[in-house]
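The values are calculated or read from the model by the stated rules, or taken from the named source; none is laboratory data. Predicted model only: the values in this text are computed from it and were never measured. Cβ atoms come from the backbone with ideal geometry, glycine included; neighbour counts cover every protein chain shown. Just so you know, the surface numbers come from the protein's heavy atoms only, side chains and all, with ligands and any DNA or RNA stripped out. Shrake-Rupley method; radii C 1.70, N 1.55, O 1.52, S 1.80 Å.
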Amino acid sequence: MKVLEFKNVNLTYFSSLGETPAIKNLSFSVEDGEFISIVGPSGCGKTTILSLISGLIKPTSGTVLINNTEVDTSHTGYMFQKDHLFEWRNILKNVCLGLEIQKRSNANTKEYANNLLKKYGLWDFRNKYPHELSGGMRQRVALIRTLAMNPKILLLDEPFSALDYQTRLNVCDDVHQIIKSEKKTAILVTHDISEAISMSDKIIVLSKRPATVKSVYSLDLKDYGAPLQRRESPDFSKIFDKIWKELQEDEK
Ligand code: ADP
Ligand code: MG
């Protein structure tokens, strides 16, 4: 089932300095439960695409549909480079913050949040504060906080780029496993081609600004296991080379 669809979407930013066309004639769709990565040159319009999916900005023309209806802000959850945890709230209170803000805190939603903490090894840390956790663990808390809102689609905007390389590899595995076992649809924006290949079912390669779809790769590396193991597969380096070359073309 199609959960997200972009149909001929254009987005131009208008400011006193002039017009900036950020997205041009963009069309693609995402199936329920798919893990999609979007890669493209810096400044090409990736974050803009996520803002359109979240309903924070509206297309200049074209349509963005979630479950066949026009987007509003209720369908998505965000995960950023910074975990945005509040240092003065313990882990449980951080995880429940979104529910409180949206006035959706009740016995059911709280139980759901508690279960997520239990399922993903954070229950014993519920009374700890963010500074007592490692960077990788903090990102897991940030993900659980987003999942506690039960969004249809998870938007991940370069969420691992602040982590050191070793942690990053582990957090990729961690986040991927949680998203897959919760059967969520996820859209990851990243600079890192290896990260995209290791985590995704599909990769959308964008042109330089204004972003349009340059190519789409459907991947099937599931049999190799978790993202870290997928990096060892023979297909991995072939796909890497292809995408690398495509992105290089736009650097010229
Ligand atoms: P990416 O995430 O791929 O680096 P963005 O989507 O953030 O790119 O930005 C795409 C282009 O649109 C950039 O040239 C950026 O400067 C411009 N842009 C982004 N947001 C705004 C805004 N609010 N007003 C004007 N221009 C913007
Ligand atoms: Mg960006």
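A few notes on this one:
- Ile49 being of a type in the set (Val, Ile, Thr), in contact with a Lys or Arg (Cβ under 6 Å, 6 or more places away or on another chain), in contact (Cβ under 8 Å) with a residue 60 or more places away in the chain and closer than 30 Å to Glu249 by Cβ: no
- Tabulated pairs, the stretch 190-207, first in contact (Cβ under 8 Å) with a residue 12 or more places away in the chain and farther than 8 Å from Val39 by Cα, second open to solvent by 10 Å² or more (accessible area, probe 1.4 Å) and aromatic (Phe, Trp, Tyr), C-beta under 7 angstrom, 6+ apart or interchain: Ser194/Phe240; Ile197/Phe236; Ile197/Phe240; Lys202/Tyr217
- Of the strands (runs of 3 or more DSSP E) contained entirely in the stretch 11-118, those carrying at least 3 residues that are away from ligand 1 (no atom under 16 Å from the Cβ) fall at 18-31, 61-66.
- Boolean, Leu56 is of a type in the set (A, V, I, L, M, F, W, C) and modelled with pLDDT under 95: yes
- Matching entry among Ser161, Ser134, Ser181 (being outside the structural domain of Thr48 (by TED's automatic domain parsing) and either small (Gly, Ala, Ser) or closer than 22 Å to Asn94 by Cα (or both)): Ser134
- Boolean, Phe6 is more than 16 Å from ligand 2 (Cβ to nearest atom) and under 19 Å from the mean Cα position of the chain (by Cα): yes
- Test: residue in the stretch 68-82 that is within 26 Å of Ser194 (Cβ to Cβ) and away from ligand 2 (no atom under 14 Å from the Cβ): yes
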